[in-house]
Amino acid sequence: QVQLVESGGGLVQPGGSLRLSCAASGFTVSAYSMAWYRQAPGKQRELVALIFSGGTTDYLDSVKGRFTISRDNAKNTVYLQMNSLRPEDTAVYYCNRWGAMIGWGQGTPVTVSS
């Protein structure tokens, strides 16, 4: 079974931090480019962060300098460290393979509010 399970979301005040986890099963994350996406109510899903199989990363302009995507190959898990959070970061966050996507999981909701 090829599956991704997101976790780590929650309620946080502006300026706070969260670390999201994406646990993969049925495939090895080191062999694929992996990405984090987010979707806010009434808006389309957008790509937030990308890590290529070789380790190079890329980010949505609005999160550059605040978010960091990483990968732990031993745990077969991808992470998104989110710092200096803003209300506009509020969304459900999903992970997936980039360019070879599988079915979407339930995601993990992040709410940034004072």
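The values are calculated or read from the model by the stated rules, or taken from the named source; none is laboratory data. Treat the numbers as computed from the prediction; the structure is a model and nothing was measured. Glycine also receives a Cβ, built like all others from the backbone with ideal geometry; neighbour counts cover every protein chain displayed. When the accessible area is computed, the model is the full protein with side chains, heavy atoms only, and any ligands, DNA or RNA have been set aside. Shrake-Rupley method; radii C 1.70, N 1.55, O 1.52, S 1.80 Å.
See the values below:
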{"read-out": "Index of the failed condition, Leu20 passing every other in (1) among the aliphatic types (A, V, I, L, M); (2) open to solvent by 20 Å² or more (accessible area, probe 1.4 Å); (3) in contact with a strand residue (DSSP E or B) (Cβ under 7 Å, 6 or more places away or on another chain)", "value": "(2)"}
{"read-out": "Residues (touching a residue at least 60 places away in the same chain (Cβ under 8 Å) and open to solvent by 50 Å² or more (accessible area, probe 1.4 Å)) located in the range 23-46", "value": "Tyr32, Gln39"}
{"read-out": "Flag if Gly99 is over 15 Å from Glu6 (Cβ atoms), surrounded by fewer than 13 Cβ atoms within 10 Å (Cβ to Cβ) and without any contact (Cβ under 8 Å) to a residue 60 or more places away in the chain", "value": "no"}
{"read-out": "Filter result for the condition that a residue is under 24 Å from Gln1 (Cβ atoms) and either open to solvent by less than 20 Å² (accessible area, probe 1.4 Å) or not in a strand (DSSP E or B) (or both), over Ala74, Ala49", "value": "Ala74"}
{"read-out": "Residue in the range 19-27 that is over 16 Å from Thr111 (Cα atoms) and assigned to a loop (DSSP other than H, G, I, E, B) present", "value": "yes"}
{"read-out": "Of residues in the range 77-99 being assigned to a loop (DSSP other than H, G, I, E, B), out of contact with any Pro (no Cβ under 9 Å at 6 or more places or on another chain) and not aromatic (Phe, Trp, Tyr), the one farthest from Pro14 (Cα to Cα)", "value": "Gly99"}
{"read-out": "Among the residues listed as Thr90, Thr108, the single one being touching a residue at least 12 places away in the same chain (Cβ under 8 Å), in contact with a Leu (Cβ under 7 Å, 6 or more places away or on another chain) and closer than 18 Å to Ala40 by Cα", "value": "Thr108"}
